[in-house]
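Contents: one structure, followed by commentary.
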Amino acid sequence: MCRLLAYLGSPVSLEPLLYEPEHSLVVQSYQPREMLSGVVNADGFGVGWYHVQKDTKPFIYKNTFPIWNDINLSSLSRYVESGCVLSYVRSATPGQALDFSNCQPFQYQRLLFTHNGRIDKFRQTLYLPIRKLLSDEIYRWVSGSTDSEHIFALLLSQLQTNPGKTLEQALHTILLKLVDMAQSYQTYISANVVIGDGDRLIASRFSSTSPAPSLYWTANDPTFPNAVIIASEPLFAGNWTPCPENSIISVGADCDIRIEQI
């Protein structure tokens, strides 16, 4: 399973998020502590961020190399600053291609999306049923083959067909829909996701079987004041709170945190 990291708060460079902590995302790529399956996260990585001043679409840097093998990221991380960052290191599900179309974060307009988890036997079970639920525009937008991108596509279709719904409401709806679909195909789903729009983070820790993949949050740590970090595993010693299983976590622009049970 992948490892996720999301940040919202005062602008910082990427380096203290990706490299400097003792259990940074780079360390989690080769020495994770709480993965439910897999040993390392060597199947690529991605970082998405928003401009500090300009109201524009997010920027993405991704690669199919292991994060520790990318010779450009360390320099880039010292240069780029942002107040909203989503990143991940990938442990690919067997059978899924290692190419750029399957690298996260996925981006649609101003939204960034990352997913840690799986739909078991995705291609044999929910692949076609999910695609049948997508709007024409979102169906054409999908470029990869992962369960992760299709979960995001289902969320986007839900938002398009129900424009009055919030991100939290749309995520709640599709997670319950995916559970119903998985049960009808006698499979299971785990979906720790993080969605960012530049001003907010919406995350879920969710699984149709227990335990759900690990997910934590910390707020206003002395190293990162006026900020919230959401991560699959704590990056450093501090006041990390496990996200409740089967919940949606909302982080607002003022870094307030709300948690809703699914």
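The values are calculated or read from the model by the stated rules, or taken from the named source; none is laboratory data. Just so we're clear, the structure is a prediction, and the values are computed from it rather than from any experiment. Because the Cβ atoms are built from the backbone with ideal geometry, glycine has one as well, and the counts that use them run over all protein chains shown. Note: areas computed on protein heavy atoms with side chains; ligands, DNA, RNA excluded. Shrake-Rupley method; radii C 1.70, N 1.55, O 1.52, S 1.80 Å.
Values as computed for the structure displayed
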quantity	calculated
Cα-only radius of gyration and Dmax that characterise segment 127-232, units Å	15.3, 48
Residue order for 139, 7, 216 - accessible surface, 1.4 angstrom probe, largest first	139, 216, 7
Three-way shape call for segment 59-113 based on the alpha-carbon gyration tensor, with the a/c threshold at 1.5	oblate
Candidates 45, 65, 152, ranked by Gaussian network fluctuation over the chain, Cα under 10 Å, top entry	65
Dipole of the chain, positive direction: furthest Cα of 124, 226, 13, with charges on the beta-carbon	124
Point-charge dipole on Cβ atoms (K/R +1, D/E -1) for segment 26-138, about Cα centre, debye to 20	160 debye
Helix axis angle, 167-184 relative to the chain longest principal axis, alpha carbon, degrees	50 degrees
Label-to-label distance, nm, for residues given as residue 98 and residue 258 (7 Å Cα→Cβ offset)	4.2 nm
Debye, to nearest 20: dipole size of the chain, +1 on Lys, Arg Cβ, -1 on Asp, Glu Cβ	640 debye
Ranked order, 172, 51 - accessible area, probe 1.4 Å, largest first	51, 172
Segment 122-219 - charge dipole about Cα centre, Lys and Arg +1 at Cβ, Asp and Glu -1, debye rounded to 20	200 debye
Accessible carbon and sulfur surface of segment 1-112 relative to its total accessible area, %, 1.4 Å	51 percent
Residues residue 165 and residue 34, FRET efficiency given R0 of 35 Å [Cβ-Cβ distance, rounded to 0.05]	0.65
Protection proxy ranking of 183-190, 229-236 - average other beta-carbon atoms within 10 Å, highest first	229-236, 183-190
In segment 1-104, the GluC sites (Glu not before Pro) that fall in loop regions by DSSP, at most 16 other Cβ within 10 Å	22, 34
Helix-only [θ]222 nm of the chain, DSSP H runs n ≥ 4, -39500 (n - 2.57) each, per residue, nearest 500	-6500 deg cm²/dmol
Most to least packed among 248-257, 141-150 [average Cβ atoms within 10 Å]	141-150, 248-257
Listed residues 182, 196, 40: farthest to the positive end of the dipole of the chain (Cβ charges)	182
Inter-label distance for residue 55 and residue 184, nm, one decimal - labels placed 7 Å from Cα along Cα-to-Cβ	4.1 nm
Per residue, in Å², the accessible surface of segment 73-177 once ligands and nucleic acids are set aside, probe 1.4 Å	42 Å²
Full-extension gain in nm, residue 135 to residue 245, via 0.36 nm per residue minus C-alpha separation	36.6 nm
